[in-house]
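Notes follow once the structure below has been shown.
The values are calculated or read from the model by the stated rules, or taken from the named source; none is laboratory data. Just so we're clear, the structure is a prediction, and the values are computed from it rather than from any experiment. For neighbour counting, all protein chains shown are included, and Cβ atoms are generated from backbone atoms with ideal geometry for every residue, glycine included. Protein only, heavy atoms only, side chains kept; ligands, DNA and RNA dropped before computing areas. Shrake-Rupley method; radii C 1.70, N 1.55, O 1.52, S 1.80 Å.
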Amino acid sequence: MQILKSLHERVQTCLLELHPDKTRIAYCKDKDRKKQYQLTEFDFLGYTFRGVFINYKNGNRGVNFIASASKNSNKAFREKIKSLEIHRKTGCKIEMIGGVINPIVRGWINYFCKYNPQSTKYSLDCVNRRLVKWAMCKSKRFRGHRKRAEIWLSEMKKREPNLFAHWQYRNKRVELS
């Protein structure tokens, strides 16, 4: 572990110190680096850096070392959306729900969808599932009829594609401000 020792010395010259439990050396395994190593992924700033199987621009497929939203970050986002308890806001119109959700979702998209948007798909779908649950609680015609509520929400998405930030992102694939 010569690298770790020299890194420790370098950081000490800056009057800093490395955390002994958290500091590890990870091997960035991808299509060009094929060696076997004990640790090939790590988490940093809400991202998990690891080798991911992707499609290249030339049509080939292979493993590349990229950043994806971490499992903990995705879980925290879903918990945040659930904690809003949208389904209990049956007195609100859907536009008001959008006003509550959009700043959170927009921030999430701007931070985590930069490098690997596919890693956030399940978490963004959680927002739609919460909206379906809200529709089922709000309207009597949807109670006990999840499929009807899903169809209504997909029609709403076609009519009002800018109502929710994640709908805008999926339709246009542009950065939201």
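The table below lists the values:
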| read-out | value |
| --- | --- |
| Computed [θ] at 222 nm, deg cm²/dmol, the chain (DSSP H ≥ 4; -39,500 (n - 2.57); rounded to nearest 500) | -15500 deg cm²/dmol |
| Accessible-area composition of the chain, carbon plus sulfur, in percent [1.4 Å probe] | 52 percent |
| Within region 93-139: Cβ-based charge dipole about Cα centre, in debye rounded to nearest 20 (Lys, Arg +1; Asp, Glu -1) | 80 debye |
| Amide H within-cut-off set for residue 42, under 5 Å, with H built and near neighbours excluded | 49 |
| Listed residues 98, 59, 107, most fluctuating in the chain (Gaussian network, C-alpha, under 10 Å) | 59 |
| Whole-Å semi-axes of region 33-119's equivalent ellipsoid (Cα gyration tensor) | 35, 15, 9 |
| Mean Cα-pair separation over length for region 1-117, i.e. relative contact order, pairs under 8 Å, 6 or more apart, % | 18 percent |
| 1.4 Å probe accessible area per residue over region 98-177, in Å² | 58 Å² |
| Rounded tilt (10° steps) of 2-13 against the dominant C-alpha axis of the chain | 80 degrees |
| Cβ crowding within 10 Å averaged over residues, with 27-37, 42-52, 78-88 ranked highest first | 42-52, 78-88, 27-37 |
| With Cα atoms, 0 to 90° folded angle of helix 71-83 axis to the chain main axis | 30 degrees |
| Computed E for residue 11/residue 100 - FRET, C-beta separation, R0 35 angstrom, nearest 0.05 | 0.20 |
| Quotient of Cα Rg and 2.2 N^0.38 Å for the chain, N being how many residues it contains | 1.36 |
| Global geometry of region 20-82, whether rounded, prolate or oblate, following the gyration tensor of its Cα atoms and the 1.5 cut on a/c | oblate |
| Pairwise label distance in nanometres, residue 26 with residue 111, each label 7 Å out on the Cα-Cβ vector | 1.7 nm |
| Tilt relative to the chain, helix 94-112 - C-alpha long axis, 0 to 90 degrees, to 10 | 10 degrees |
| Using θ = phi - 60° and Karplus 6.51 cos²θ - 1.76 cosθ + 1.60, couplings along region 52-62 (whole Hz; Gly, Pro as x) | 10, 6, 9, 9, 7, 5, 7, x, 6, 10, x |
